[in-house]
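Here's the structure we're looking at; comments come further down.
The values are calculated or read from the model by the stated rules, or taken from the named source; none is laboratory data. Please read all numbers here as calculations on a predicted model, not as lab measurements. Note that each Cβ is placed from the backbone with ideal geometry, even for glycine, and that neighbours are counted across all protein chains shown.
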Amino acid sequence: MSKTLEILPNLEALQQRAVEIAIEEIQAALKAKGECSIVLAGGSTPKPIYEALAQQNLPWTKIQIFWGDERYVEPNDPQSNQRMARQAWLDQVDLPASNIHPMPTQAGNPWEDAQTYEQELRRCLEVGTGKFPEFDLIFLGMGDDGHTASLFPYTAALGVKDHWVTVGEKDGQPRLTLTVPVINAARCVVFLVTGANKKDTLVEVLQKTGDGLAYPARLIQPQGRLWWLIDQAAGAKLS
Ligand code: 6PG
């Protein structure tokens with residue numbers, strides 16, 4: 001694993017850096033395999049990055065889009081990560097609908113939908129028996145409680161090792177999430193972290209040791225390249 005931390009002067013610089021890295025990873029995957037698999041984060045930080053990626057001239061038919069987590073709401077709900085990504089990016093480019101793989105949230109049972117998504121992943125990705133899928137690029141955010149994707153502190157989802165997709169929960173509300181081993185199998189993971197409210201959490205995650213139960217982002221140690229893109233406000237306490 002290679003780990004790189006960059007503190008960017010402002011949101012625009014962070015967005016530009018994220019786009020540069022994404023394009024590098026996409027081009028490397030296309031050169032190596034002729035296709036690329038990208039996992040999207042939700043929340044608010046990624047939105048301008050998705051909008052900037054929509055402006056890129058990329059071979060969209062060769063790019064497969066997945067999600068790292070999803071709130072358990074209707075696809076058109078304002079809280080939906082799928083809705084945000086479609087509005088900011090996916091609906092703006094010539095991505096075939098068959099290349100977009102949102103997490104299902106309409107079975108009325110998050111465990112059933114988690115299983116359905118895992119089956120979708122197994123259908124889309126060639127993965128050896130007992131192995132985990134190796135996504136080319138995974139975007140992640142981090143909450144001020146140290147969660148990432150929908151892997152929240154002290155939840156059972158953190159310990160799931162025998163599934164690719166599981167059910168997380170925040171404040172009693174279910175969410176679908178990729179599991180830690182799936183994220184860690186990625187060729188490249190890019191954390192996008194902004195805001196002064198995260199400066200103490202980043203010290204805990206990046207500069208202290210301890211269990212991942214308290215700060216789940218600690219658990220993300222991918223086999224491939226790990227980027228932490230942090231704005232000055234969030235990185236204010238990092239030495
Ligand atoms: C979600 C995200 C979540 C997010 C963090 C940071 O569904 O909310 O996947 O893990 O990345 O909560 O969110 P912000 O980028 O909005 O701070």
Screening 59, 104 for residues that are in contact with an Asp or Glu (Cβ under 6 Å, 6 or more places away or on another chain) and of a type outside the set (Val, Ile, Thr) leaves only 104
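Please find, within the range 90-132, the residue that is modelled with the lowest pLDDT out of those that are β-branched (Val, Ile, Thr) and more than 30 Å from residue 52 (Cβ to Cβ).
Of the residues in the range 90-132, the ones β-branched (Val, Ile, Thr) are 93, 100, 105, 116, 127, 129.
When the remaining residues are screened for being more than 30 Å from residue 52 (Cβ to Cβ), the result is 116, 127, 129.
Numbers: 116: 98, 127: 92, 129: 88.
Among them, the one singled out is 129.
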Note on the range 115-173: residues touching a helix residue (DSSP H, G or I) at 6+ places or on another chain (Cβ under 6 Å), charged (D, E, K, R) and within 12 Å of residue 39 (Cβ to Cβ) are 136
Per the filter on the range 85-114, residues surrounded by 15 or more Cβ atoms within 10 Å (Cβ to Cβ) and under 15 Å from residue 36 (Cβ atoms) are 89, 90, 95, 99, 100, 101
